[in-house]
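Remarks on the structure that follows.
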Amino acid sequence: MVEVMVLGVAQDGGHPQPGCLRPCCANVADQHYPVSLGVRSDEGSNLLIEATRHLGDQFTLWGQTEVNHLLLTHAHFGHIDGLGLFGRETLASRGIQLHVSASMKQLVNQTPQWNLMVQQGVFQVQTFASGTSVFNDGSLSVETIQVPHRDELSDMHAFILRGPNKSLLFLPDHDTWEETLSLHDVASIRAWLSKLEVDFALLDGTFWSADELGGRDQSKVPHPPVLQTLDMLGNREQGDPEVYFTHLNHTNPLYNYDGEQMAHVTSLGWKVAFQGQRFTL
Ligand SMILES: [Zn+2]
Ligand SMILES: [Zn+2]
Ligand SMILES: [Zn+2]
């Protein structure tokens, strides 16, 4: 058996987001950590996907204090800014297998703080290629899928976790459906998910709609809006995987479980991931 726990559902800035004094972030007690998954297999593997700055709270939520594998999708800050917590000053970890792409490995090597942690034996870096299996312990395997996402620092890979019975896609960030589907040579989201043979799909739900950022230039923070994904998916049909939106920006109305937007998502047969949610694979 493989158990996955959702350790965070927020976009990189978290929710409440630092610096936001608007109503969306007024409830400081209602904390949502940046996206991360904790994965345990019967074979004794403890995997963490993403290293957020809330990693300590996320370990508490997960009930774990150690991981033997750490996987990173890409180098944007919410996904990697907890890496330093594994060092001598805090967790003093040893020999964590750090699974990253070649461009992410280059960034690790070029960043003095992270390079030092590799030299001190905190991390052993393992490089993965796109479309390959990075990990397999007999009950759990992890595959990588490259997706287009602004790549100033590193490329971006989604992960598929396959357990003995079920599979889960983790795709927290990508730029546009047009580019992602075209890279994988498929005509629709439904066709792609079917090709990937996943039972659960955690998809980029950063923004509800294209006008959510107000005056800010949307082209600088591109993610497919949830409304567009819903338009493309339509109603859930027999044989479709369960789709859960995640990586929610602090402005996203889907944080309101009683809101009309949440009602719209569920009326079509789709869902929104929540912190502490478990999946058995
Ligand atoms: Zn992100
Ligand atoms: Zn806010
Ligand atoms: Zn990103």
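Is there any pair linking a residue in segment 159-179 that is of a type in the set (Gly, Ala, Ser) to one that is part of a helix (DSSP H, G or I) and modelled with pLDDT of 95 or more, with Cβ under 8 Å and at least six apart or on different chains, and which?
SER167/LEU196
Could you tell me which numbered condition ASP231 fails, if it satisfies all but one of (1) within 14 Å of ligand 3 (Cβ to nearest atom); (2) out of contact with any helix residue (DSSP H, G or I) (no Cβ under 8 Å at 6 or more places or on another chain); (3) at pLDDT 95 or above?
Here ASP231 meets the rest and fails (1).
Within segment 232-243, is there a residue that is touching a Leu at 6+ places or on another chain (Cβ under 9 Å) and either within 16 Å of ligand 1 (Cβ to nearest atom) or on the phi > 0 side of the Ramachandran plot (or both)?
The answer is yes; a qualifying residue exists.
Which residue pairs have Cβ atoms under 6 Å apart, sit 6 or more places apart or on different chains, and have a first residue in segment 75-91 that is touching a residue at least 24 places away in the same chain (Cβ under 8 Å) and a second that is among the basic types (Lys, Arg) and more than 16 Å from ligand 2 (Cβ to nearest atom)?
ASP81/ARG53; GLY82/ARG53
Away from ligand 3 (no atom under 15 Å from the Cβ) and buried (at least 24 other Cβ atoms within 10 Å of the Cβ) - does that describe any residue in segment 18-27?
Let us first name the residues in segment 18-27 that are away from ligand 3 (no atom under 15 Å from the Cβ), namely 18-27.
Those left that are additionally buried (at least 24 other Cβ atoms within 10 Å of the Cβ): none.
Checked segment 18-27: no residue is away from ligand 3 (no atom under 15 Å from the Cβ) and buried (at least 24 other Cβ atoms within 10 Å of the Cβ).
Give me a count of the residues in segment 39-81 that are more than 16 Å from ligand 3 (Cβ to nearest atom) and either among the polar types (S, T, N, Q) or modelled with pLDDT of 95 or more (or both). Break it down into steps so the answer makes sense when it comes.
First, pick out the residues of segment 39-81 that are more than 16 Å from ligand 3 (Cβ to nearest atom): 39-48, 54-70.
Next cut, either among the polar types (S, T, N, Q) or modelled with pLDDT of 95 or more (or both) only: 39-41, 45-48, 54-65, 67-70.
Residues flagged as more than 16 Å from ligand 3 (Cβ to nearest atom) and either among the polar types (S, T, N, Q) or modelled with pLDDT of 95 or more (or both) within segment 39-81 amount to 23.
State which residue is nearest to ligand 3 (Cβ to nearest atom) when the search covers only segment 180-217 and only residues that are over 19 Å from LEU230 (Cβ atoms) and modelled with pLDDT of 95 or more.
Only one residue tops the list, namely LEU183.
The values are calculated or read from the model by the stated rules, or taken from the named source; none is laboratory data. Everything numeric here is computed off the predicted structure, so don't read it as measured data. Virtual Cβ from ideal backbone geometry, glycine too; neighbours counted across all protein chains shown.
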